[in-house]
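Down below is the structure, laid out as structure tokens.
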Amino acid sequence: MEIKRKPRWLRVNMEDLQKEEAVKRMLRDLSLNTVCQEANCPNRIECFSNKTATFMILGTQCSRNCRFCNVSHEALEPVDPKEPENVAKATRELGLKHVVVTSVTRDDLTDGGAGHFSKVINAIRAVDKEIAIEVLIPDFQGDFKALKKVTDAKPDIINHNIETIPRMYDKIRPQAHYNQSLEVLKNVKKLDSSIFTKSGIMVGIGEATEEVHQVMKDLREYQCDFLTIGQYLAPSKEHYPVEEYITPEAFKAYKDKGESLGFSFVASDPLVRSSYKAADMLETKSQE
Ligand code: SF4
């Protein structure tokens, strides 16, 4: 299979890599994981230098095996009871104004880890009442009670990535269900309409423009507030191959389409990832 060469707009500036070290050392000392490192995110240098990071809770091993994801799937780890306070400590030490907390999927846990999410949110709130808290959650296998544990902790934003078009689910996200993921976003609004919802799509895996537009319409039908659209990059040759590098012009067209459908904020750019420019979204909402 021919590995497509990355176009110029996807090349990262090497010089910044040194700036990453300080944050990595602090995270190691607090035995914390970030999705930035686990998912090899191209923006981590920019985010780390801007003192933002996305903490990954519930271990580094996932109970699922999505074909696009770099997270590993070895033996699932016990939940670390110290993690909530350690995330809160790191948030304070990094002086974050907007913190993002995500996790692997833990279908092995009765509530999918929802209770642990709520403990982390409350621990962060205990150290900083003003901080914006965004959680990027799994689908908790559609468990409404589990989701309520997270909404009861009142994060500012609940993000659940729809990831791709329904036609590609079997190929790249076989353990998830398109409609179940839409339901997660709808149920957040049902449980607490003051919480902003957000979702994200990767493009470049063979989707047609109309199919992406349809996903946007479905998300808006479920009152999703924010949307991120980024270029899929295969973490390795073993992962699902990149079909196409989408041009910056096409990303701009997606942004315009999303805004015309009523999303309050659309971050659409080749290097955009779920938490990229996360703080800007809330700011936009507060100016409305
Ligand atoms: S569920 Fe999430 S962390 Fe697990 S493999 Fe899929 S994308 Fe990766």
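The values are calculated or read from the model by the stated rules, or taken from the named source; none is laboratory data. The structure displayed is predicted, hence computed values, not measured ones. All Cβ positions, even for glycine, are placed from backbone atoms using ideal geometry, and neighbour counts span all protein chains on display. Just so you know, the surface numbers come from the protein's heavy atoms only, side chains and all, with ligands and any DNA or RNA stripped out. Shrake-Rupley method; radii C 1.70, N 1.55, O 1.52, S 1.80 Å.
Annotations
- Test: residue in segment 48-60 that is more than 14 Å from the ligand (Cβ to nearest atom), among the hydroxyl-bearing types (Ser, Thr, Tyr), closer than 24 Å to Thr197 by Cα and at pLDDT below 95: yes
- Restricting attention to segment 174-183, the residues being assigned to a loop (DSSP other than H, G, I, E, B) and open to solvent by less than 20 Å² (accessible area, probe 1.4 Å) number 1.
- For segment 107-139, a tally of residues being within 12 Å of the chain's Cα centre (by Cα) and within 15 Å of the ligand (Cβ to nearest atom) returns 4.
- Looking only at residues of segment 184-232 that are in contact with a Leu (Cβ under 7 Å, 6 or more places away or on another chain) and part of a loop (DSSP other than H, G, I, E, B), we find that the one that is nearest to Pro155 (Cα to Cα) is Cys224.
- Selection within segment 238-288 - part of a loop (DSSP other than H, G, I, E, B), over 21 Å from the mean Cα position of the chain (by Cα) and of a type in the set (A, V, I, L, M): Leu261
- Members of segment 164-204 found to be of a type in the set (D, E, K, R) and either within 21 Å of Ala253 (Cβ to Cβ) or out of contact with any Cys (no Cβ under 7 Å at 6 or more places or on another chain) (or both), listed by number: Arg167, Asp170, Lys171, Glu183, Lys186, Lys189, Lys190, Asp192, Lys198
- Within segment 81-106, tally of residues that are open to solvent by less than 50 Å² (accessible area, probe 1.4 Å) and either within 11 Å of the ligand (Cβ to nearest atom) or in a loop (DSSP other than H, G, I, E, B) (or both): 7
- Condition met for Asp143 (more than 14 Å from the ligand (Cβ to nearest atom) and over 24 Å from Val272 (Cα atoms)): yes
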